[in-house]
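Q: Take this structure, written in C-alpha cells, and hold onto it; I'll ask about it next.
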Amino acid sequence: MANFYIDKSDINDNTATITGEEAQHISRVLRMKKGDAVTLCDGEGFFYEAVLSDFSDKTVIADILSKRVAETEPQVKVTVFQGVPKNPKLETIIQKLTEIGAVRLVPVDTKRAVAKLDKENKVDRLRKIAREAAKQSKRGIVPEVLSPVNFKDAVKMAAEADLALIPYEEEREMSLKKALTGKTPKSVSVMIGPEGGFDSEEIQLAKENGITSVTLGKRILRTETAPIAVCSAILYELGEME
C-alpha cells in the first residue's frame with residue numbers, strides 16, 4: 001500500500017489534508033482515484049490507514065479509518081554528530097542513518113574538516129533526503145537534520161544524552177561493545193570525525209564533558225562508513241534489531 005507523509009496539523013478529526021509534493025505524487029504521478037487506500041504518517045510516530053475521498057488542483061483529502069503506533073521506531077534514540085565531510089558523503093550518511101533508525105543528525109564544523117555546510121538550501125536538501133529515506137524505509141518519524149554547529153556546542157548537545165560516545169583511532173582500552181555492555185540508555189549520542197579525524201584538543205574537550213572515547217577495532221573506517229557501522233552496532237547491541 002502507498003505510504004505518504006503529512007504534518008500532524010494536517011489532520012482534523014477523521015480527515016487528512018494532503019498538500020505539496022505528496023499531493024502531486026498521488027494525483028499526477030500515481031494517478032490515484034477516489035476510494036484508493038493509502039497509509040499516512042504524521043512524522044511523529046503514528047500511521048493512519050485512510051481512503052482518498054476528494055481531489056483538487058493542489059490538495060488531496062483522505063478519510064482516516066484507523067490509527068496505530070509505528071512499530072518501526074527504535075526505543076533507543078540515537079543522534080549522530082557528524083564532522084562535515086566532502087559532498088556527497090553527507091547525503092549518503094543521512095540516507096543510511098535514516099534507514100537504520102537514527103533520530104537526528106547534526107553536522108559539525110571541526111578543526112580538520114575540509115568542507116563547509118554554510119548554505120541553508122544545502123541543509124534543506126539534506127532534510128528532503130531524510131524524508132525520502134524515511135518514506136522508503138517506512139519510518140514512523142522523519143529524522144531531524146540540524147543546521148551546522150561548532151564543535152564546542154556539539155559537545156554540549158552530545159553530553160545531554162544518557163550515553164555519549166566518540167570513536168577515536170588512538171583509543172586503546174575502551175571498545176564500543178564494552179561501552180555498551182550492561183547499559184540501558186534511552187538516548188545515545190555519537191560524535192564522528194571528518195576525513196582528517198578529530199584533533200587531540202577536540203577529543204580532550206569531549207572527554208572533559210563526560211563523552212566516552214571508544215575504539216572501533218584495528219581497522220580505520222572512513223568518515224562515511226563510521227556512523228553507519230556505529231549506529232548499527234549500537235542498535236544491535238541494545239536489542240533493537242531483533
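Q: Inspect the stretch 16-30 for any residue being modelled with pLDDT under 95, aliphatic (A, V, I, L, M), part of a loop (DSSP other than H, G, I, E, B) and touching a helix residue (DSSP H, G or I) at 6+ places or on another chain (Cβ under 8 Å) and give the result as yes or no.
A: Checked against the condition, which is being modelled with pLDDT under 95, aliphatic (A, V, I, L, M), part of a loop (DSSP other than H, G, I, E, B) and touching a helix residue (DSSP H, G or I) at 6+ places or on another chain (Cβ under 8 Å), the stretch 16-30 yields no hits at all.
Q: Further question on the same structure: Here's a check for you: in the stretch 40-68, which residue that is in a strand (DSSP E or B) and of a type in the set (D, E) is surrounded by the most Cβ atoms within 10 Å (Cβ to Cβ)?
A: E49
Q: Please work out which residue is farthest from the chain's Cα centre (by Cα), limiting yourself to the stretch 206-228 and to residues that are part of a helix (DSSP H, G or I) and surrounded by 18 or more Cβ atoms within 10 Å (Cβ to Cβ). Break it down into steps so the answer makes sense when it comes.
A: At the first step, the residues of the stretch 206-228 found to be part of a helix (DSSP H, G or I) are 206-208, 226-228.
Next cut, surrounded by 18 or more Cβ atoms within 10 Å (Cβ to Cβ) only: 206, 226-228.
Numbers: A206: 22, A226: 15, P227: 11, I228: 11 Å.
Filtering the stretch 206-228 for residues that are part of a helix (DSSP H, G or I) and surrounded by 18 or more Cβ atoms within 10 Å (Cβ to Cβ), the one farthest from the chain's Cα centre (by Cα) comes out as A206.
Okay, residues lined up against (1) assigned to a loop (DSSP other than H, G, I, E, B); (2) in contact (Cβ under 8 Å) with a residue 24 or more places away in the chain; (3) of a type in the set (S, T, Y); (4) under 16 Å from G83 (Cβ atoms):
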position: V114; (1), (2), (3), (4): yes, yes, no, yes
position: R125; (1), (2), (3), (4): no, yes, no, no
position: I166; (1), (2), (3), (4): no, yes, no, yes
position: E171; (1), (2), (3), (4): yes, yes, no, no
position: K177; (1), (2), (3), (4): no, yes, no, no
position: T184; (1), (2), (3), (4): yes, yes, yes, no
position: V190; (1), (2), (3), (4): no, yes, no, yes
position: E195; (1), (2), (3), (4): yes, yes, no, yes
position: E202; (1), (2), (3), (4): no, yes, no, yes
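Q: For the stretch 82-134: of the residues being in contact with a strand residue (DSSP E or B) (Cβ under 6 Å, 6 or more places away or on another chain) and of a type in the set (K, R), which is least open to solvent (accessible area, probe 1.4 Å)?
A: R104
Q: Additional query: Cβ-Cβ under 6 Å, sequence separation 6+ or interchain: first residue in the stretch 24-38 and in contact (Cβ under 8 Å) with a residue 24 or more places away in the chain, partner in a helix (DSSP H, G or I) and open to solvent by less than 100 Å² (accessible area, probe 1.4 Å). Which pairs?
A: Close Cβ pairs satisfying both conditions: M32/I26.
The values are calculated or read from the model by the stated rules, or taken from the named source; none is laboratory data. For clarity, every value in this text was computed on a predicted model and none was experimentally measured. Cβ atoms come from the backbone with ideal geometry, glycine included; neighbour counts cover every protein chain shown. Surface areas here come from the heavy atoms of the whole protein model, side chains and all, with no ligands, DNA or RNA. Shrake-Rupley method; radii C 1.70, N 1.55, O 1.52, S 1.80 Å.
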